[in-house]
Amino acid sequence: MTETLRSDARLGLRGRLILITLCGATFMTGLDYSIITVALPEIGRDLGFATASGLQWVATACLLPTAALMPLFGRASDTLGRRRLFIAGVLTFAAFSLLAGLAPTPGLLVAARAGQGVAAAMIGPTALALMTAAFPEGPRRTRALGVNGALLSLGFVIGTIGGGLITSGLNWRWTMLILFGIGVLVVAGAFAVVRESAARQRTRLDVPGALLAAAGLFALVYGISAGDGDGFVTPVILLAAAALLGAFLVVESRHPVPLVPLRLLRRRTVTWGMTIGLVTFGMCGGATLLLSIYMQDVLGWSPLRTGLGFLGEGVAALLAGTVAARLIGARGTAATIVLGLVVQAAGTAAMVLLPAQGGLPVLLATSAAMGFGHVLTVVAAITTITSGLDEADQGVAGSLAQLPTFVGAVGVAGLTAVVAARTEALVPVTTRVLATLGGLHAAFVVAGAVALLGAAAAALLPRRAPAARPADRRLAA
C-alpha cells in the first residue's frame, strides 16, 4: 500500500521542473515578507524616514494590495490565461524589486513595495491554479502542495536569517536585488516548462464585485494591521470593511458571471478549508511574531541570532511538507487537519515553558512542533479547498485558498492585545522583562487553545470532497 502511494506520488522530470518553477515564485513572495522586516531599521536610517509609522509602510504597502486584489486576479486568470498572468506577475514583481533596491527616497520605495504587492496578488492564485492543473487530483497534487506549503514557510525563516546576514554584511538594498534575481529565474522556468492550464473563458469581468471585494479586503487588512499600540483595531474601519464585503455578497448573488461564485462559498469543503486556514495562519503567524519579541526583548538577542532561532520551525516545516502527501493519502484530509492542529496547539501552548534566560532547547522544540503542525494543516486545508472543483474554478479557488494567509493577521492583533493586557497587569508586581514574559506566556496559551478548538471543529469536516456537479460545470462555463 505504501509503495503504491509513493509510486503514484512520483512527479517525473518535467513535473519536478514545473514544481520548482511554481514553488520558486511562492518561495519568492514568502521570502519578501520577512526579509524586508529585518532590514527595516537600516532602511529607516539610510533613506531618512521621519517616523516609525512611516517606516512601517514599507511592509504594509506590499501586504494591502496583495490581500485586496487576490480575488480579482483569481478570476482574471480564468479569463486572461493563468500562465500569461503568472508570467506577467513575476515580471512585474521582479521589476518592482529592482526599483525598490535602487530607490533613492522613502516615497519611491513605498511605491515600489506597493507594486510588489500587486504583483504578488497576481502570482499567488495563478501559481496555485497552475499547480492543481499540472498535477491531477490525488497523491501527486498533494505532494506538490506539500512542497509548496513547506517552501512558503521556509521562505519566511530564510528571510529572517538572510535579512540579518545581508544587512550586516552588505546593505538592505541587496534584500530587494536578490528578489529580482529569483524573479528572473522563475520567469525563465515559466517560459520553458509551464503550460497554459485551461482554455480561456470569454466572459465579462465583474467590475462592481471586483471594486467591492478590493475595497472591503483592503479595509479589513488595514483595520487589523492599523490598531493602536495595545493591539486593538480601529472599529470604524472594520465596520466599513464588513459593510463593503456584505455589499459584495449581495452583488455577487445577482451578477450573471460573479467574481467569486457563491456556489463555491456554499461548498462545505471550501468554507471549512478557509476557516481552518484562518485558524492555523492566525495562530501560527501571531505566535511566530511573539517569538521574535521573546528572543529580542526578553532574551536580548540580536536580529541575526533571532533569525537563527527560527531554524527549528523552518526545518520542521520542510519535513512536514514532505510527509503531508503520504499522511493525507493514508488518513484523509480531515484526519490530517485534526492531527496538524493538535500538534500546532501542543507546540504553541508548551511555549509557556520558555524561560527568561537560556531555554534554547525549549524554543527549538516548541517552535518546531508548531511549524510542523502548521504546514500539515495548511497542505490539508488547501487540498480540501481545491478538491472536487471544475477546472474552470481553480483560479478562483486559488485566490480563496490564499486569503487566510492575509486575513489571518487578525490573530496577530488578537494575541498582541493579550500580551499587552497581561503585561500591564504584571508590571506593578515584577520587572518589565518578566512582565513581558508573562504576557507572552498568556498569549501562547490562548493561541494553543484556539488551535485546539480548531482541531475539534475539524472533526466535522466532510471526509471526502464532493465531486464537481454538472450544474457547477454549466455555471462555470
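Coordinate-derived values only; no laboratory data. These numbers were taken from a predicted model, which means no experiment stands behind them. Heads up, the Cβs are rebuilt from the backbone with ideal geometry, glycines too, and the neighbour counts pull from every protein chain shown.
The figures follow:
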quantity: Part-to-part distance (alpha-carbon centres) for segment 126-183 and segment 63-84, which is given in Å; calculated: 19
quantity: DSSP-assigned coil residues among trypsin sites (Lys or Arg not before Pro) in segment 253-329, each with at most 16 further Cβ atoms within 10 Å; calculated: 266
quantity: Cα centroid separation, segment 347-415 to segment 295-311 (Å); calculated: 21
quantity: CD proxy at 222 nm, helix term only [per DSSP H run n ≥ 4: -39500 (n - 2.57); per residue of the chain; nearest 500]; calculated: -27500 deg cm²/dmol
quantity: Relative contact order (%) - the chain, alpha-carbon pairs under 8 angstrom, separation at least six; calculated: 22
quantity: From phi via Karplus (6.51, -1.76, 1.60), per-residue ³J(HN,Hα) for segment 257-263 in Hz, x at Gly/Pro; calculated: 10, x, 4, 10, x, 5, 4
quantity: Segment 284-384 - Rg (one decimal) and Dmax (whole number), Cα, Å; calculated: 14.2, 44
quantity: Cα-only Debye scattering, segment 263-477: base-10 log of I(q)/I(0) at q = 0.09, 0.14 Å⁻¹; calculated: -0.38, -0.81
quantity: Kirkwood hydrodynamic radius of the chain, from inverse mean 1/r over distinct Cα pairs, in Å; calculated: 22.4
quantity: Degrees between helix 235-254 axis and first principal axis of the chain (Cα, 0 to 90, nearest 10); calculated: 10
quantity: Simple Cβ-charge dipole of the chain, Lys/Arg +1 and Asp/Glu -1, about Cα centre, in debye nearest 20; calculated: 1500
quantity: Length-normalised contact order of segment 14-197 in % [C-alpha pairs under 8 Å, at least 6 apart]; calculated: 44
quantity: Proximal charge balance of residue 55 [Cβ under 15 Å; K/R count +1, D/E count -1]; calculated: 0
quantity: Rounded to 10°, Cα long-axis angle of helix 139-169 versus longest principal axis of the chain; calculated: 30
